[in-house]
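Worksheet: one structure, shown below.
The values are calculated or read from the model by the stated rules, or taken from the named source; none is laboratory data. From a predicted model like this one, the values you see are computed outputs, not experimental measurements. Neighbour counts run over all protein chains shown; Cβ positions are idealised from the backbone, glycine included.
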Amino acid sequence: MKRHRNPLLMVVLSMMLSILACVTINIYFPAEKVESVAEEIVHEIRSNKPEVKEQSLRNEEGFLLQEHILALTCSFAWADDVTAVSNPTIRALKEKMKSRYSQMKPYYQKGMLKEGANGYVSLWNTEGLGLKERRNLNNLIDAENENRKTLYKEIAKALNIDPSQTNKIAEIFAKEWQK
């Protein structure tokens, strides 16, 4: 006996197999946390306010006033809500970038530097700069971009984000740098 195969059945089975074989991998990216961290870090680097030292917050008994204020104002702290990231590398990068920003600020004000959508700074207009000043500015830009690259990688580590997502972190930071 000869068997007849139903072509429609074969097509339907092939389509079902194709649909079942598709696997979607959803990689979680905490955009809101990164936005919060970016806002905090950029503000800290770009603000002119000196950091408040802990010693200045002690009262006569030697207690930290900050602890008393926190105890009165904060009743709960949830671990998932923590968006501040810090480690020795991030703190050192922020200090370097804050120091460098004071050198770069006049160039930003003159429109010679541009914040790119990729999270890095670039030379925009060098009109009126001598060769030495242009070289020094390029050195500042290179150092800044190298620090930013390392900062984005460290933030990815601190927030347990896959390293392949570093570009997304840079793009989120770009919006803050541009503000």
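Tell me which residues, restricted to the stretch 101-137, are of a type in the set (Gly, Ala, Ser) and either surrounded by fewer than 15 Cβ atoms within 10 Å (Cβ to Cβ) or outside any loop (DSSP other than H, G, I, E, B) (or both).
If the condition is that a residue be of a type in the set (Gly, Ala, Ser) and either surrounded by fewer than 15 Cβ atoms within 10 Å (Cβ to Cβ) or outside any loop (DSSP other than H, G, I, E, B) (or both), then 102, 111, 117, 122, 128, 130 are the ones that fit.
Within the stretch 142-179, restricting attention to residues that are touching a strand residue (DSSP E or B) at 6+ places or on another chain (Cβ under 7 Å) and not acidic (Asp, Glu), which residue is surrounded by the fewest Cβ atoms within 10 Å (Cβ to Cβ)?
Step by step, filter the stretch 142-179, then rank; the result is 178.
If residue 161 satisfies all but one of (1) among the aliphatic types (A, V, I, L, M); (2) in contact with a Leu (Cβ under 7 Å, 6 or more places away or on another chain); (3) in contact (Cβ under 8 Å) with a residue 40 or more places away in the chain, what's the number of the condition it fails?
Failed condition: (2).
Per-residue answers, yes or no, for (1) surrounded by fewer than 10 Cβ atoms within 10 Å (Cβ to Cβ); (2) under 27 Å from the mean Cα position of the chain (by Cα); (3) in a helix (DSSP H, G or I); (4) modelled with pLDDT of 50 or more:
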{"residue": "9", "(1), (2), (3), (4)": "yes, no, yes, yes"}
{"residue": "34", "(1), (2), (3), (4)": "no, yes, yes, yes"}
{"residue": "40", "(1), (2), (3), (4)": "no, yes, yes, yes"}
{"residue": "51", "(1), (2), (3), (4)": "yes, yes, no, no"}
{"residue": "61", "(1), (2), (3), (4)": "yes, no, no, no"}
{"residue": "71", "(1), (2), (3), (4)": "yes, no, yes, no"}
{"residue": "80", "(1), (2), (3), (4)": "yes, yes, yes, no"}
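Would you mind stating whether residue 160 is in a loop (DSSP other than H, G, I, E, B) and within 16 Å of the chain's Cα centre (by Cα)?
When the stated conditions are applied, residue 160 passes them.
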